[in-house]
Structure formats: structure tokens, C-alpha cells
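Notes for the one structure printed next.
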Amino acid sequence: MEPEVLHLVRQSKNGKKEAFGKLYTLYLKKVYRFIYYMIYDTNLAADLTQDTFFKVWKSIRSYQEGKGSFATYLFAIARNVVIDHQRKKKESHIDPQMEETIPSGENIEEQVIAKEKRQEVRNSLSKLDGDNRQLILFRYFEELSIPDIGRILGKEEGNVRVLIFRALKKLKKIMEEKI
Amino acid sequence: MNESIGKLKKEYLNVEPDALMESGWQSLEVRIDRHRSIRRLFTFLVILSTVFLLTSGTLSVQMAKAALPGELLYPLKRTSEKVVIIFNKDRNIPIENRVQEIVGLVEKEERLEKENDLRQEQIHSKILETVGEYSQEVLEVKEDSGSSDNFQNRLDSHRGKFESLIKQHPTCAKELEQAIEVTKSGQNGDSNSGGSGSSGGGKD
């Protein structure tokens with residue numbers, strides 16, 4: 001773990017809110033985009049991101065430096081927040097088309113292109129179930145190590161490798177079908 | 001495939017939490033402050049409740065020490081007596097408590113008589129009950145360590161107390177005489193009784 005992050009984590013453990021604020025700034029995007037690609041709802045992703053950081057604040061004293069990076073700890077909590085939300089909502093399928101807003105203001109053409117690209121990512125990933133999707137996000141987009149992913153999911157490294165392989169195979173099939 | 005994933009990753013990384021960028025931390029900070037206040041209040045209430053329970057519990061036990069049979073705190077007194085004996089194992093404690101209760105009840109009887117209180121009649125039966133318990137305690141200790149000087153001296157002291165009370169409170173003479181008999185039954189080489197004191201045989 002980077003020394004700066006370690007220092008901020010230790011200060012946060014001692015109740016220093018300002019240090020936690022810096023951690024929030026450092027990791028906000030990571031947590032948000034992971035949650036967004038799990039639920040495909042901008043506003044809800046923002047709420048769940050705040051919930052995640054709030055839970056991290058409450059439980060940060062239980063974080064052990066030797067057991068994975070702080071990002072791993074964050075993602076584990078974020079994942080649980082998403083699972084809890086999905087359990088309450090009992091939604092089996094998220095329609096990635098649902099929450100798209102109508103572009104407005106300047107540079108509409110650029111916005112539309114960006115929107116289409118995002119849609120392409122969502123469409124590809126949304127066809128994966130939640131478990132496979134998070135594996136792809138963690139391994140290929142957030143570039144977490146196999147051991148760290150194992151810690152988040154509570155699985156052995158060997159098992160994680162197999163699961164990632166299978167998830168990748170499914171994603172490849174989805175993308176080939178689109179061509 | 002790698003190229004495709006690379007493209008997907010690029011778009012993934014472009015996602016920005018627009019709603020949170022400006023004021024996300026501020027709203028989270030408010031939530032954290034609220035949580036802290038609630039926790040401090042909760043901690044304060046827990047400490048206050050603990051202090052109150054300890055204080056009132058201690059006060060109750062202290063007040064119960066003077067409780068007499070039939071009074072509200074008397075069960076608490078007997079319970080705390082049992083607890084004390086478990087740790088202390090001093091069988092003289094219940095004996096001393098019963099003597100203190102007999103004395104207290106006699107004095108209470110006189111007060112109620114002066115006030116023409118109808119509860120005065122109940123006191124006599126309470127005194128008799130307590131004398132009965134006193135007798136049981138004395139017999140038990142006598143079987144264990146009846147010959148000890150300490151025990152004998154205590155019985156002497158009790159006897160002196162009861163004899164003095166009879167003079168001051170003649171209305172309770174009958175109950176107090178029974179109490180005196182108990183002390184005699186506990187004492188060695190009692191001069192009044194014929195037998196050596198196991199079951200008090202008839203006097204000559």
C-alpha cells in the first residue's frame with residue numbers, strides 16, 4: 001500500500017475525519033464506477049457509494065493492514081452494499097437502457113457519441129450475471145490481483161482463477177455475438 | 001479480445017460520479033457528524049444508566065440492611081444475606097441478623113401500640129417466626145462449631161439483649177422468653193435445663 005494511503009488510513013482509524021475525507025476523494029471514482037456497472041443507475045449508484053463510504057468509516061478500525069490493500073477492503077464493502085440493495089429490490093435483471101438521460105446543452109454530438117460508447121460497454125457487461133460481471137470489473141478494469149479478488153469474494157485463489165477464466169469466456173462469446 | 005477489453009475498460013474508467021464530485025464529501029461529513037453525536041449520546045446514556053443502577057442498587061442494599069420481616073425491602077435483605085454467605089461462609093451473619101430483627105420488631109411493636117395501629121397484632125407473629133428462624137440458625141451452627149468460645153460469647157450477648165428487652169417491652173415478653181430459651185439451647189452446660197441440651201427435656 002502506498003505510504004500516503006497508509007498514513008491516511010491510520011489517521012482515519014484514530015477518528016480523524018479530515019484524513020478520511022482525503023481517502024474519500026482518492027477512492028470515490030473507483031467505488032462509484034464499480035457500483036454503477038453493477039446496478040446501472042446513476043442516482044442509485046451515488047447513494048450506494050455514499051453508503052459504502054459511511055460503512056467504511058464506521059468499520060475502519062477493523063481493517064487490518066496486512067490483509068490486503070485498502071482498495072480491496074473498500075470493494076468488499078461496496079460489493080456487500082450492492083448485494084444488500086439487490087436483495088431488497090429482488091431485481092434479477094437490470095435494463096441498461098432504463099436510466100439514460102436525454103443529452104442537453106452544448107456539444108450534443110459529443111455527448112451522444114460518449115453515450116453510445118457507454119451503452120456498448122453496458123450492453124456487453126449487462127449480459128453477464130452479477131458474479132461474472134464483478135470478476136471482469138475487478139480483474140480487468142480495476143486490475144486487482146487474484147489474491148485480493150479472493151479476499152473480496154471469500155474464495156481461494158485457484159477457484160478465483162477458474163471463475164475469471166469462465167467469466168472471460170462468456171464475455172468473449174457475448175462480444176462475438178454482437179459482431 | 002484484449003483489444004475489446006481495452007476499449008471496454010477505457011469507457012469504464014471514463015465514468016464519473018458527477019453528482020458526488022462537488023458536494024459528496026460534504027453530505028457524507030454531515031452524516032458522519034450525526035452518527036458521532038448519536039454515539040456520544042448513547043455512550044453517555046449507558047454510563048448514566050450504569051451509574052444510576054449501581055447507585056440505586058447499592059442504596060437499596062444499604063437500606064435493606066435495616067429492613068424487618070414484612071417490610072418491602074426485607075426479601076432483598078435475605079437475598080443479599082444468602083449471597084454474602086456464599087462468599088463469606090460465616091454462619092454467624094444470619095444469627096446476628098435474626099437477633100437484630102427480633103430487637104427491631106419488638107421496638108416496632110411498641111411504636112405501633114402507641115399509635116393504636118392494627119398492625120401491632122401481626123408483629124407478634126412476625127417476632128415468633130423470626131425467633132423460629134433464629135432457633136434453626138443457632139442449632140445449625142451449634143452442630144458445626146457449638147463449642148467455640150466465639151459462639152458461646154455471642155449467645156451470651158444475645159441472651160443479655162433479650163433479657164434487657166423484656167424489661168423495656170413487657171408486651172413482647174412471651175416471644176422474648178422463647179428467644180432466651182433458644183440461646184440457652186445453644187449454650188453448653190446450661191444451668192437451668194436438666195439435660196445437656198440436645199432436645200430440651202423438661203425442667204425439674
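Values for this structure:
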| read-out | value |
| --- | --- |
| Area accessible to solvent at B:H169, 1.4 Å probe radius, in Å² | 10 Å² |
| Eligible aspartates and glutamates near A:K173 by straight Cα distance, threshold 19 Å, same-chain separation 8 or greater | A:E120, A:D129, A:D131, B:E3 |
| Near-label residues of region B:32-67 by backbone N, under 18 Å of a point 7 Å along Cα→Cβ of B:I85 | B:65-67 |
| Cβ-Cβ FRET estimate between A:K169 and A:E116, R0 fixed at 30 Å, reported to 0.05 | 0.70 |
| Of A:K30/A:K58; A:K13/A:K90; A:K55/A:K88; A:K67/A:K170, pairs whose Cα-Cα distance is over 25 Å | A:K13/A:K90; A:K67/A:K170 |
| Helix B:120-145 vs. chain B, principal-axis angle (Cα, 0 to 90°, nearest 10) | 90 degrees |
| Listed peptides B:41-48, B:14-21 by packing density, highest first (mean Cβ within 10 Å) | B:14-21, B:41-48 |
| On Cα atoms only, tilt of B:74-88 relative to the major axis of chain B in degrees | 90 degrees |
| Candidate lysines for bridging to B:K142, where Cα separation is under 27 Å - those fewer than 8 sequence places away on the same chain excluded | B:K65, B:K77, B:K82, B:K89, B:K126, B:K161, B:K174, B:K184, B:K203 |
| Highest average packing first - B:124-135, B:175-186, A:156-167, B:76-87, Cβ atoms within 10 Å | B:175-186, B:124-135, A:156-167, B:76-87 |
| Inverse of mean 1/r across different Cα pairs in the protein assembly as shown, Kirkwood, Å | 28.6 Å |
| Alpha-carbon centroids, region B:28-83 and region B:133-180: separation in whole Å | 38 Å |
| Average beta carbon contacts from partner chains per residue of A:45-54, 10 Å cutoff | 4 |
| Hydrodynamic radius (Kirkwood) for chain B, which is based on Cα pairs only, to one decimal in Å | 22.6 Å |
| Cα long-axis angle, helix B:2-13 against chain B (0 to 90 degrees, to the nearest 10) | 70 degrees |
| Set of aspartates and glutamates near A:K16 by C-alpha distance (under 13 Å), chain-local residues within fewer than 8 positions excluded | B:E29, B:D33 |
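The values are calculated or read from the model by the stated rules, or taken from the named source; none is laboratory data. Source: prediction; values computed, not measured. So basically every Cβ, Gly included, is an ideal-geometry build from the backbone, and we count neighbours across all protein chains shown. All accessible areas refer to the heavy atoms of the entire protein, side chains included, with ligands and DNA or RNA removed. Shrake-Rupley method; radii C 1.70, N 1.55, O 1.52, S 1.80 Å.
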